[in-house]
1. How many residues are farther than 21 Å from Tyr20 by Cα, in contact with a helix residue (DSSP H, G or I) (Cβ under 8 Å, 6 or more places away or on another chain) and polar (S, T, N, Q) when one looks only at region 64-109?
2. Of the conditions (1) surrounded by fewer than 17 Cβ atoms within 10 Å (Cβ to Cβ); (2) touching a residue at least 40 places away in the same chain (Cβ under 8 Å); (3) aromatic (Phe, Trp, Tyr), Tyr54 clears all except one; give me its number.
3. Within region 1-40, work out how many residues are basic (Lys, Arg) and under 18 Å from Ile53 (Cβ atoms).
4. Restricting region 75-109 to residues that are among the polar types (S, T, N, Q) and either surrounded by fewer than 16 Cβ atoms within 10 Å (Cβ to Cβ) or without any contact (Cβ under 8 Å) to a residue 40 or more places away in the chain (or both), which is farthest from Ile139 (Cα to Cα)?
Amino acid sequence: MSEELKQHVLKNGLLLGFVYVCISILKYIGGVEYFFNNYIGAFTILIAIIVPIYCTIKFRTNNGGYIDFKTAFSSCTAILLAAGFIDLVFQMGLLNVFDPQFSVELLDATIDKTVLVYESFKTDEEISELIELIEEKSIYSPKNMLIGYGVLTIGYTLFGLLVAAFTKNENQQFSE
């Protein structure tokens, strides 16, 4: 990875990570219901899509309009990985160190949402088993948050591949 690309990823990854942390703070201030708000979730996903694409295109423009597949992939994926890691560390600290009671409230809200979704087509016994599983897994524990980040890494990588495929523009002069 070139020094220019490293600086690009660092700057934009920190910026996007800061935006994620700000969104997390606003959700925390708003309360548990804001963690499950569809509009906030959609807004966060839009940011996660638009910012890396914009940054990769900007990097291509700054390099004379050319970017190879590997550089485009590295730009997009690394920005998302850095930003996601920053948000992960913040949320782990928030939910497990600063306010562990809030993670209990989030878990209760998760159970309530799950019951609402499944009560129309699952039996009471199946729902009870599902609730026990959710409580047992404790999705807001550091271990499970790290596992969740691992799953996100797969998504970031696939998204990076798509962005690289559409943004690459190799200089034909050098590839012959």
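Coordinate-derived values only; no laboratory data. Please read all numbers here as calculations on a predicted model, not as lab measurements. Glycine also receives a Cβ, built like all others from the backbone with ideal geometry; neighbour counts cover every protein chain displayed.
1. Total meeting the criteria: 1.
2. The one condition Tyr54 does not meet is (2).
3. We begin by selecting, within region 1-40, every residue basic (Lys, Arg); these are 6, 11, 27.
Subsequent filtering for residues that are under 18 Å from Ile53 (Cβ atoms) retains 11.
Residues in region 1-40 being basic (Lys, Arg) and under 18 Å from Ile53 (Cβ atoms): 1 in total.
4. Here the residue is Gln101.
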